[in-house]
Amino acid sequence: MIHENPPSNRRGFLGDVHSAMAGMGLAHLLAADAPAKTAAAHQTGVTHFPPRARRVLQVFCPGAASHMDLWEHKPSLEKYHGQPLPGAEDFVSFQGKNGNLMRSPWDFVPAGETGKPISSMLPHMAKHADRIAFVHSMTSKTNTHGPGCVFMNTGHPQEGFPSAGAWMSYALGSANENLPTYVAIPDIRGEPPNGKANWSNGFLPARHQGIAISSQQPIRNLKRPAAISADEERASRELLHLLNARHADAHPDLTELRARMSAYELAARMQLSAPEVMETASEPQSIHQAYGTDDANPLKAGYARNCLLARRLLERGVRYVNLYCASRASGVDGLLNWDAHKTLKSDYERHCPIFDQPTAALLTDLEQRGLLDETLVLWTTEFGRMPTHQEGTTGRDHNPDGFTCWMMGAGVNGGVSYGATDEFGRRAEINPVTVWDFYATVLHLMGFDHKRLTWYYNGLDRRLTDVHGKVINELLAS
């Protein structure tokens with residue numbers, strides 16, 4: 001602090017300069033921070049054109065689920081099983097040298113009226129084939145799980161960027177003031193690679209970050225202490241709101257204050273609404289049987305309860321739900337997620353039953369309740385697998401050059417397969433698709449031009465699709 005009557009000696013002068021410089025530095029940091037959080041170019045809740053969908057369910061299978069063992073049938077793998085991949089006999093991928101071509105351990109079975117071949121390991125999901133729009137030519141910028149998951153969720157392989165759900169929260173706002181706009185549901189086995197960065201708000205205001213909720217980890221500290229009456233708690237909240245509002249009004253450039261106020265006020269409202277949402281036991285027994293919530297396999301039962309929770313959140317107005325099936329990598333490849341480097345067959349015979357029935361039941365439940373007409377469903381993973389086996393193993397290595405994602409529901413042209421990898425599944429060959437193309441299409445279905453949904457940050461108008469992306473019109477229903 002500078003003295004009212006500063007001393008004229010050199011020591012006093014230097015002391016005052018030190019204090020003044022600290023204040024100048026703080027002012028500079030606050031000023032630099034303000035534009036990054038205040039220069040929004042979008043009015044929340046206003047779409048660019050009439051939307052086809054009003055909410056999103058994104059099912060994410062971390063670990064890089066194999067496209068050629070689940071969704072994209074490759075007869076050439078059966079024909080040339082055990083032979084070298086032409087032109088790549090000595091190819092070295094993520095974990096080393098590759099062996100020969102390896103067919104899928106399971107048959108592919110025609111599904112639905114379209115006859116779409118689906119792995120026999122997914123009999124329940126196969127029933128939805130006619131409503132799914134498959135994208136068989138996805139590509140990624142990275143072959144590493146953490147950056148790959150973040151890239152698929154945010155459009156950037158580096159951490160620090162908003163996830164698709166955060167962008168949707170910013171774009172649409174809340175449809176239920178008593179619940180979060182954006183919810184992430186981690187798997188019972190744990191968080192995905194790179195954890196909370198997958199549902200981060202990035203440089204968007206903090207209120208747009210995903211709130212992590214799951215059936216195995218209910219929201220804590222919601223119950224009011226017995227010693228405090230309801231009237232006392234209400235009066236305390238009103239006083240706190242008044243004080244917070246005055247403080248925020250005095251610092252209009254620091255929108256983080258408003259975000260914290262909103263977060264705490266939401267937490268207070270959730271004291272009443274969240275317990276009811278989490279109470280899945282009230283569902284009819286027929287629903288529990290359909291999802292498999294009481295399955296003897298605790299991992300399947302846990303995921304099934306999360307699927308049921310996802311439906312309850314969506315029907316109560318949550319805009320975006322990230323539902324994870326599997327978690328981070330482990331010391332044993334393929335144990336906790338779909339990363340089947342060494343033992344593909346046994347790994348996927350563990351994971352597919354966990355995923356298949358509960359996910360299919362969730363889709364059926366949404367459809368029967370009329371929710372699917374306004375819900376866009378996405379299935380994503382961070383990249384694919386190699387058509388060869390990893391040398392010395394019966395598993396597959398990472399492959400960012402071609403894999404499958406899909407969408408269904410509101411506004412989606414179901415029963416189509418867009419793009420394709422080559423005959424072996426190695427590279428996207430027909431109509432290659434980027435993550436940015438995928439999300440440009442998602443935003444289009446939600447009523448937004450992906451080039452116009454921006455946030456000014458660090459000198460640039462940032463967007464989910466970076467500086468890329470085009471809408472895939474073939475995926476859109478007429």
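Every read-out reported here was derived from the displayed coordinates using simple, explicitly stated rules and does not represent laboratory data. Quick caveat, the model's predicted, so the values are computed rather than measured. Note: ideal-geometry Cβ built from the backbone for every residue, glycine included; neighbour counts use all protein chains shown.
List of remarks:
- The chain, relative contact order [Cα under 8 Å, separation at least 6], %: 28
- D_trans [Stokes-Einstein, Kirkwood Rh over alpha-carbon pairs] for the chain, 20 °C, 1.002 mPa s, µm² s⁻¹: 89
- Farthest toward the positive end of the dipole of the chain, out of Gly409, Leu445, Asn176, is the Cα of Asn176, where the dipole comes from beta carbon charges about the Cα centre.
- The C-alpha radius of gyration of region 320-478, expressed as a fraction of 2.2 N^0.38 Å, stands at 1.18.
- Each of the peptides 326-338, 188-200, 451-463 was scored by the mean count of other Cβ atoms within 10 Å over its residues; in descending order, highest first, they stand as 188-200, 326-338, 451-463.
- Residue separation of Thr114 and Ala175 scaled by 0.36 nm, minus their Cα-Cα distance, works out to 18.3 nm of gained length.
- Whole-number Å³ per residue for the convex hull built on Cα positions in region 412-478: 89
- Checking the cross-link pairs Lys116/Lys300; Lys127/Lys451; Lys79/Lys300; Lys345/Lys470 against a 28 Å limit on the alpha carbon distance flags Lys127/Lys451; Lys79/Lys300; Lys345/Lys470 as lying beyond it.
- Spin-label pair Ala226-Lys345: with each label point 7 Å from Cα along the Cα-Cβ axis, the two points sit 5.9 nm from one another.
- About its Cα centre, the dipole of the chain is roughly 640 debye, where the only charges are +1 on Lys and Arg Cβ and -1 on Asp and Glu Cβ.
- Taking a point 7 Å out from the Cα of Asp294 in the direction of its Cβ, the residues of region 352-367 whose backbone N falls within less than 19 Å of it are 357-359, 361-362.
- Sorting 164-173, 311-320 by their mean Cβ neighbour count within 10 Å, with the most densely packed peptide first, gives 164-173, 311-320.
- Helix axis angle, 255-278 relative to the chain longest principal axis, alpha carbon, degrees: 50
- Calculated SAXS-style log₁₀ I(q)/I(0) at q = 0.12, 0.14 Å⁻¹ - region 274-350, Debye, Cα scatterers: -0.44, -0.57
- For region 64-93 versus region 151-224, the gap between their alpha-carbon centres in whole angstrom: 36
- Selected from Ala274, Ser286, His124, residue furthest toward positive end of dipole (the chain; charges at beta carbon): Ala274
- Peptides 104-111, 132-139 ordered by average Cβ neighbours within 10 Å, highest first: 132-139, 104-111
- Point-to-point label distance, Val92-Lys451, nm (Cα→Cβ direction, 7 Å offset): 4.3
- Residue-averaged 222 nm ellipticity for the chain, from DSSP H runs of 4+ at -39500 (n - 2.57), nearest 500: -11500 deg cm²/dmol
- The chain: antiparallel DSSP beta bridges as a percent of all, rounded to 5: 55
- In this structure, Gln217 and Asn244 have a Cβ-Cβ separation that, at R0 = 30 Å, corresponds to a calculated FRET efficiency of about 0.60.
- Averaging over all projection directions, the Cα-based convex hull of region 300-386 occupies 6.3 nm² in the image plane.
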